[in-house]
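First the structure, in the form of C-alpha cells, and then the observations on it.
The values are calculated or read from the model by the stated rules, or taken from the named source; none is laboratory data. This is a predicted model, so every value here is computed, not measured. Counting neighbours? That spans all protein chains shown, and the Cβs are built from the backbone with ideal geometry, glycine included. Accessible surface areas use protein heavy atoms only, side chains included; no ligands, DNA or RNA. Shrake-Rupley method; radii C 1.70, N 1.55, O 1.52, S 1.80 Å.
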Amino acid sequence: MLAENKSLGQSLIAGIPSADVAKRGHIEFTHESQWASQNSKLKWNSFNFFTYGIANRTELAVSLVNVGSPGTGNVAAGIGYKTIVPLRKGEDVGTFRERKLSVGQMVYAAVGPEKNTNRDRVGGWIYSHVSTRLWPSRTRLTGGLSYGSSHVFGFRTTNLIGLNGLVEPMQQRVPLSPFTFIGGIEQPITKHVGLLADWISGRHDIAALITGVQFTIAHQVLILAYKRANDRVNDTDALVTEVMIHF
C-alpha cells in the first residue's frame, strides 16, 4: 500500500478483504488476533490466511478462522479465491486512479465438536467491492457487498417461545447469514506508515468499525488497531493486531 511505485504496493486492510492479491508465484501469510475483556477475563479470537498468486490478478486462499480462547465453538477451515478486474481505460491518470473490481469467495467447513447443535457443516462467504485511489493524496477508498454463513458471521442466542406464547427457560443458538455492506479507507502517511479504517454493517460477530495504523517494513506488514463492535450487547470491543508476511 505504501511503496512509491506504480501500484503503491500491497494493501492490507484490517476487517474486510483488501483490494490487492498476492503476486503470481508468491505466498502470503496473514494472521489477525482480536483481544478483548469479557466478564473480567481475557478473550482472544484469531483469523489465519495463506494466499498464493496463481495468476497476475488472481490468488487462491486457505484459511482457519475463529480459533480462540475460550473456545468459540465456531472454528472453520476454508478454501477459496479472490480475483481483481481493472476498471480503468488507457493511461491511469486523473483524480481517480487504480480503479478496480474485486470478487472473492470462500467455502468453509466446520471444525471440531458440535457445540452449536444447529450448526451447518458447510457454509461460505462471497463478496465483491470496487476501489479507487484519489490523487494526489493517494487515499484508497473501497466499498462493496458480501453475504455469508454462520461460519464467518457467527450465532446469536434467542429465547424459545412455547405453544402458550410464554418464553421457555431454554435458549437456542441461531446461525446468522447476513447480507452486509463492506467499506474501507486507507491513507498513506510515509513510505512505511499509513492510517486505515474499515466497517462491516449489521449485528453479527464481525460487524464493527476498525481503525488503526499500518507499518510496512521490507516484506512484512503490521497493523495495530481498535475494533468497535456494532452490536454492543452480544459483542465486545477489542484490540486488533494483524501481521502479513510475504514469501
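Considering the stretch 115-129, and only residues there that are in a loop (DSSP other than H, G, I, E, B) and modelled with pLDDT of 80 or more, the residue that is most open to solvent (accessible area, probe 1.4 Å) turns out to be R121. Filtering G94, G71, G53, G112 for residues that are out of contact with any Leu (no Cβ under 6 Å at 6 or more places or on another chain) and crowded, with 16+ Cβ neighbours inside 10 Å leaves a single hit, G53. In this structure, V85 does satisfy being surrounded by fewer than 16 Cβ atoms within 10 Å (Cβ to Cβ) and closer than 19 Å to T58 by Cα. The set of residues in the stretch 76-98 being part of a loop (DSSP other than H, G, I, E, B), among the β-branched types (V, I, T) and touching a strand residue (DSSP E or B) at 6+ places or on another chain (Cβ under 9 Å) consists of T95 alone. Filtering the stretch 192-224 to residues that are farther than 30 Å from S177 by Cβ, of a type in the set (V, I, T) and surrounded by 15 or more Cβ atoms within 10 Å (Cβ to Cβ) leaves T216, V221.
The criterion of at least 2 residues that are aromatic (F, W, Y) is met by none of the strands (runs of 3 or more DSSP E) wholly inside the stretch 190-247. Whenever a residue of the stretch 234-247 is touching a residue at least 12 places away in the same chain (Cβ under 8 Å) and on the phi < 0 side of the Ramachandran plot, its partners that are open to solvent by 40 Å² or more (accessible area, probe 1.4 Å) and of a type in the set (V, I, T), lying with C-beta atoms within less than 9 angstrom and at least six residues away or across chains, give the pairs N234/T157; I245/I27; H246/I27; F247/I27. For the stretch 229-243, the set of residues classified as within 20 Å of K41 (Cβ to Cβ), more than 14 Å from the chain's Cα centre (by Cα) and either open to solvent by 10 Å² or more (accessible area, probe 1.4 Å) or among the polar types (S, T, N, Q) (or both) consists of R232, V233, N234, D235, T236, D237, L239, listed by residue number.
For the stretch 31-49, which residues satisfy the criterion of being aliphatic (A, V, I, L, M) and over 17 Å from I223 (Cβ atoms)? Across the stretch 31-49, the qualifying residue is only L42. Of the numbered criteria (1) in contact with a strand residue (DSSP E or B) (Cβ under 6 Å, 6 or more places away or on another chain); (2) modelled with pLDDT under 95; (3) open to solvent by less than 40 Å² (accessible area, probe 1.4 Å), the one T139 fails is (2).
For the stretch 129-146, a tally of residues being more than 17 Å from the chain's Cα centre (by Cα) and of a type in the set (V, I, T) returns 2.
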